[in-house]
Structures are given as C-alpha cells and as structure tokens.
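To keep things clear, I will list the structure first and then write my remarks on it.
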Amino acid sequence: MSIVLDNITKQWPGTLALDGVSIEIVEGRVHGIVGENGAGKTTLVSILSGAVQPTAGTLNMARQPVAFENPAAAVANGVSLVSQEGSLVPHLTGAENICLGFEPVKSRFFINRREVQRQAENLAKQWFPETMIALDRKVDELPYADQKVIEILRALHSRPKVLILDEPTATLPAKEKQSLWTLIRQLSDAGMAVVLISHFLQEVIDLCDEITVLQDGRRVSHLSNVEHDVSERQLIDLMLNRGQAGNQDRLLDGALKERNLADGAEIVVDIKGWQGARFLMDGLEVRSGEIVGLIGLTGSGHFEFAQSLFEPSLATAGEYRFKSKDVGRASVRDMKRRGAALIPDHRMINAMIGDWTVRENMSMAGIQETSLRPFGVVQNGRERAETQRLIKRLNIKTSSTETKIVELSGGNKQKVSVAKWQFASEGKYKLFVFLEPTEGVDVGAKREIHDLILSLAERGAAVIVASSDLLEVAHVADRVVAFRNGHAADQIARRDFSEAVFINAIAGVTQ
Amino acid sequence: MTMTTTIAHEKASRPMRIGILVQKYSTLAVLIVLFLAFAIGTDRFFTGTNLVNILQQISMLTIVAVGLTFGFAAKEMDLSVGYVVGLAGLLAPLLMVAGVPIPLAIMGALGAGLGVGLINSALVVGVGVPSLIATLAAGSILWGINFMISGGRAIYGGIPAEYLALGQGKVAGILPYPALIMLIIVAGSWFVMERTTFGRYLYAVGGNARAAELSGIKVRTYRVYGLALSSLFAAISGIILSARLGSGQPNGGETYLLDGLAAVFIGMTMLRPGTATVMGTFFGALLIGIMNNGLNLVGMDTYVQSIVKGIIIVIAVSVVSRTTKLKLL
C-alpha cells in the first residue's frame, strides 16, 4: 500500500516549514528524502508520523484521505517511525523493548515473559532471518547497530505498511553501518514502503529507489529511478538548487574577506592526537585573534571536541597545550584560571540560574574580582556598576540590573552569557569557546552576537565556534574544521568557503 | 531601551508581580496577625518577660534551622540534624563528667557534629547517595549511638556551673545567653549568605549546579560546606540544649528536625520565594515560637500545637510549590 502526500503545507509562527510538498511513497521501495538543515525534513517526518498536523494539504492511503491526529493514529493506520534519538529503555532486554506497551499477559495481570521473547524472536526471524541479535540481553549492553535493529523491530511490531527511518546511521560507527544497510534493503525487498532520511548522501544513493530533494520547505526535485549513476555532486547541486538563475551560493553573497592575523600571534590552543569518547582531533593550532569554526552533522563530535577544550577531563588521550603550557586533564576551574571561557549551548541549563537577576547571572564567574579580599565581601555598588557597564557595552535590553534573567529574550540572555566572562575580567580570557552561539536567538540579535564574537578576536582572543548554522560559521570563522563520525576530517580555509564545500566536508564527499 | 518597550514589559508582568508580592508578605502578615491576636487575647503574652522568653525558646530551633538553610541553599537536605543535636548534647556533658575541661568538651562536641557533617557529605558528594537518604540513614545510626554512649540514661551530676550558665544565664540580667548566641549566629549567617562570595556560590550551586560548575565554582566543595555547616550548627544547638537542661538527654534533639524543616519551609515563602534564606528561616522559627508560646498561654495542649504546626507547614509548602519550581530531590 502506498501513501501519498498531496500539497502538504505547514506554517509555524514566523516560518513556512513546508510549502505545498507532494510525495508518493510506494510499497517495496526505499524513498530517500534529503535536504539541508531547515529544509523541512523533520517537519515532514513529524507530519507523516502524526506528531504534527499540516496546515493545508492531505494525506492519502489507498486513495482514501487519512488524518493522523496523533502518533498512535499514524501507527494504527500502518505508519511507524524509527526516530533519530534512541527510544529504547536501556535496562530492559531487546525483547522487552520490542513488545513495550503491547506485552502479552497471562492471568490478566502478569507479563508473559516467555511469550514476549517468542514474539520478538519471531519478528526478528520473519524480517531478518540471517541476523543474530541477543534479544534476551539488556539493550545498553548491545552494540549501537543492534540497538538500532531493535528499534526497527519495535516499529515493525505493530505490522506497519510504511516505515520511516530518521537518520538511522547517524550514531553508528562506520563498520556497523554496512550491516544496517543490508537490513534496510531486506525490508523493502519484503514489500515494505521505507522512507529514509539521511545526511549521508552516498548512503541515500546506494539504498534508495527514489529520492526527493527538499529546499526551504519546497520539493525542488525528485529522482524517480535512482541507479548508481547519480553522483553525490549532482545531489548536492540539487540540494542547493544551483544552476538556476538567482540561486547562487548564499555564502558568497556577503563578500568573504580574509582577515589578516598579526604576524607571530601567540598560539593559544595547541592540540595533538586529542581524543575522547566521541571525537578525535589529530592536530589543531589556534592563534590569538583567530576564529575557528567547527561544523559537522549531529553526533559527529564537533560539540564534544569544543567542550573538551574547556573541560579537558572529557578527553581520554592526547596532548593539549594552552598558551604553551601542558594542560593535562585540568579541571574546568583550572582552565578558567588559565584563561579559557565557555559559552555553552542550552543556556538555561548550562549557563544561567533562572530565578536570579541579570546582575547575579552576569557576575557568576567574576564576582570575586569586585569583592573585598580576603573574605570575599561583596561590594554591591561595584557589582552593580560593572553590570551596568556591560549592559551598555553589549547593548543588552533589560529594564534594570535587577530584572530576572528569564524575562529577557533569547538574544539578550545569550549576551549575558558572554558578558559573564568580561565581568571585571576584561582581557583576562584568551580563549572563548562558543557552542551554538545563536541557538534560539532572533535575527537582529544574531548579528550583534556575531559582531561580539568578531570583536573578541579583534581584541586578541582565540575563538572556537561550534555551530550547526553553516552560514553563521562562514560569517565569523577564519577557517573551518569539519567533523565526520567523530573525526576532524577536513580543514577549510576562508578563501575556499562555500556551502557546497561545507556540505561536502561534513557529508564525506571526496572532491 | 526605549520607553514604549519598558511600559509594555511592565504591563505584561504586573499580575505576576502582585502575585509574588502577596506571597512575599503573606507569611509576614500571618506572623503579625498571630502576634496581635495573642497580644489582645491573653494578658500574659505581650509582656517583656514573655517576649524575651520567646526568643529564648526559639534559640535552639533557630540555630538548627539556620544550619539547615546552608544545606538547602546548596540543594541538600539534612535529616540527621535532630540526632546531631542529641549527640553533641550528650558528648559535652559526658566529657565534662569524665573530667575534661569545658572548652575541650565543647570542642569535642562541635568536632563530633562537624565529623557527622563530613561523613554525610562524603556519602553525598563522594559516593553520590542523595542527601535525603544518606542523612536519613545517618540519623538512624546516630539515634542508636546516642543511646549506646549514654546507656539510655540522662547524663548529669558533675557538669560545671560555668557550662550551665551558657544555657541558663543572662546578659545584664535581661537577655538569656541562648538568645544572644542565636542573634549573633543569625546576623553572622545572614552576612555570610547575603554579602559574601561564599553565600553567592552556595546559592549558585543550589540554583543550577551545572551552570555553577561551568562558571568555575567548586560545586563539590560547596555541597560539602552546606552539609558540614548544617551538622555543625546542630551541634552548637545541642551544646546549648544540654546547658539549658543541665543534663544530656539521649533523645534530646529529636523535635528539632521537623520544626527546623518547618521554619525553613515557612521562610522559603518569604523574601525570595522558593529559596531558603537566613532571614526567612529566622521569621519561620519566630512564627513557630510565637505560635507555640501563644497556644501554650491560651492553654492549648501540645498535641493540638503539633496539628496546627503540621497544617502551617502544608500551607507554606503548598504556596511555594504552586508559584515556584520547588525541587528538593
């Protein structure tokens, strides 16, 4: 049975996520959906799986219009989603996870464990007869690929006709991907309609029978019979919709100027063979005044690497010299003392105290500087004056220093998060690590934060910006390091910046 | 910022502001109403002697509650304080009866209290046991120890008069020493919590431990401080208790845990709603003290007092929970 999306539109407040998209998903075929971040893939998946309702347009199954008010309705109609994030309960066994919510019972109240195991094994045997997975083990003891297979089996438990796989290989090590690809092919060979969302373009080309390309919420092209003759290059061109008039590379619109670094600028960060659970950086030098952008797909390790520059205990091996001194596994506190600062992502979780005022949040890292030694008696007047100075300097919109931080907009909260490291500490910090610097920030404030990042570098700090916004990175960075599968794979110089180069680098296309 | 946005902003948040205002001062209003009611209702309440008496009665409770406040600030709850009061209140008399000089006996009792706090924090910060559970277990152990070292009997006879003066004497014949010690401790703790970086860091750890850590604050150390001070203050209270009673009682401090928590909870409805503050806790203890004293004067039985107190705790915690995100575990 096929499912047809007819002219689907989804309007979010302020953005048009999908604009009249039509797609036909056919049984026995793998249908790939590709596009950049923000192209509308996630919204499309949410609509297909019933998590989100379209603003306009219809879904048809077997020529009958259907409406999925919630995910359960989608499942009842035969559409199952295997989501990107792990949806398994770690300390239950594979079999228990597969039957979760549909447990066979005996005597009305007790879970029939033997039946759970049997159902799970039958399901596995039916779909993947050649694969051996220990369904009686707790899932957190299994390899990632096996966990993914269990997630797929769990989605298959409700006997769906359409299976959506959202970035199924994003978290898998390279050698485990291969086995999953085989399984996906087996699904469609057995007559299942499969929707595959993936950033890995070669994977999409190898696996899919047809591919729909989305850009800015619109369907820009559809390849109905994919053979291996489609190249990644072609696909990227389609994703960026180039070759059409007026659709130039957006990065090149604002002329890219190389910034000149002072000769002999001090090397602030010097890294060799630095690795942690999810990243490996062979070597990186960042000089004073330089901004290095880190890009990668979700889970590719660039955020973890950036974080480890401030929290070296996240690394398990390698050498990190900060201002020519070996860091070892220094604590956060020690890194701060040496002159490193972190402006983390998810600021309300990692940087702010919600029921504190702007002043209290801003002075959190530097209050000892305006206090009387040796007992640290807080000088209210000095604290307030310093807060006032930074509110002016960073143009923070707040009614007073005593306003609660939660009352500020995202952009202004973010400015406070930056200002924290300048509180009575002007020039003290030589390294600023930014994670998603403009997450949840409106357009106007975005520019101000970019200017702020640039001005930090101008005043001699080394800056690391890890972001999933490629335009942002292109705008501020002097060079870019692209991460793939936890590995810092490519370095890109500013003169070579372009969207295509960035996407090639993070998706792993050889040029 | 332009005028228009300022005005719009204030308009939007006015109802909320009023809500917080009502909450901030409702507890104070209850305190005043209670005070006036007893003052008018009985002729023995509003007298100099009785008011000093109230201060004296709440002194040990207040000291325990202020200790709890340090723990609460770092989001750690110490359920062992009642038994630490008992431990210190037994150890000091025991040591003195055995001939140890007063200062050393006091140091010994304080040291034992601090020791309990450090063991608690080793479990909580080092091993990772939630403080509620670690201190509950510690309390159970201490209860047993208290009966073991005392043989289940009160310790008296041979306690020097100078020591007893600590609980029974008065400054210039007016202000009892326990009340004086309490006032000094409240003032000192207020200063430390509100006017020093120590207090700011402690509150930061309780407010958002991850943000505090990423700002370079020694989160683990401050959690230890919170629990250690909580036990130390309980030990101070225990020393005063034994001096006041003139003996060490194996189950002397048990009521202080519940009353102390009540004082902190009531205090959390005031000043900075949802946050334990020293002044809030002091007012909370005062409210409990006035209520106990007044109900006593009216001739109400102690078990009725207990019911009234329980109801007040429920109301206080309900008020805080409704308007703020009160997370204790």
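Figures for the structure shown
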quantity	calculated
Per-residue mean of C-beta atoms belonging to partner chains within 10 Å, peptide A:120-126	0
Probe 1.4 Å - accessible area at residue A:172, Å² to nearest ten	10 Å²
Crossing angle, helix A:380-393 versus chain A [Cα axis fit, 0-90 degrees, rounded to tens]	70 degrees
Between 0 and 90°, nearest 10: helix B:278-298 axis offset from chain B longest Cα axis	60 degrees
Order of exposure, largest accessible area first, which applies to A:158, B:237 with probe 1.4 Å	A:158, B:237
Cross-link pairs A:323/A:392; A:392/A:430; A:148/A:413; A:272/A:428 - those with Cα-Cα distance over 27 Å	A:323/A:392; A:148/A:413
Most to least packed among B:207-219, A:431-443 [average Cβ atoms within 10 Å]	B:207-219, A:431-443
Residue-normalised accessible area of the range A:88-158, given per residue in Å² at a 1.4 Å probe	59 Å²
Rounded to the nearest 20 debye, dipole of chain B from Cβ charges on Lys, Arg, Asp, Glu	940 debye
Residue A:189 accessible area, assembled protein chains, probe 1.4 Å, Å²	120 Å²
Exposure ranking of A:161, A:125 by accessible area [1.4 Å probe, largest first]	A:125, A:161
Dipole of the range A:88-158, positive direction: furthest Cα of A:155, A:127, A:99, with charges on the beta-carbon	A:99
Anisotropy class of chain B from Cα gyration tensor, a/c 1.5 cut	oblate
Order by protection proxy (mean Cβ within 10 Å, highest first), peptides B:226-235, B:272-281	B:226-235, B:272-281
Accessible surface, the range B:36-324, averaged per residue in Å² (probe 1.4 Å)	39 Å²
Protein accessible surface hidden between B and A, which excludes ligands and nucleic acids, total in Å², probe 1.4 Å	2400 Å²
Lysine pairs within chain B, Cα separation less than 17 Å, 8 or more sequence positions apart or different chains	4
Using alpha-carbon coordinates, inclination of helix A:113-127 to the longest axis of chain A, degrees	80 degrees
Surface accessible to a 1.4 Å probe, residue A:87 within the full protein complex, Å²	50 Å²
Accessible surface, 1.4 Å probe, highest first, among residues B:80, A:2, A:179	A:179, A:2, B:80
Surface share of carbon and sulfur [accessible, 1.4 angstrom probe, percent] for the protein assembly as shown	58 percent
Estimated dipole of the protein assembly as shown in Debye, rounded to 20 [Cβ of Lys and Arg +1, of Asp and Glu -1, Cα centre]	2680 debye
10 Å Cβ neighbours from other chains, averaged over peptide B:201-212	5
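The values are calculated or read from the model by the stated rules, or taken from the named source; none is laboratory data. Owing to the predicted nature of the structure, the values given are computational and were not obtained by experimental measurement. Glycine gets a Cβ as well: all are built from the backbone with ideal geometry, and neighbour counts include every protein chain shown. For accessibility, only protein heavy atoms count, side chains too; no ligands or nucleic acids. Shrake-Rupley method; radii C 1.70, N 1.55, O 1.52, S 1.80 Å.
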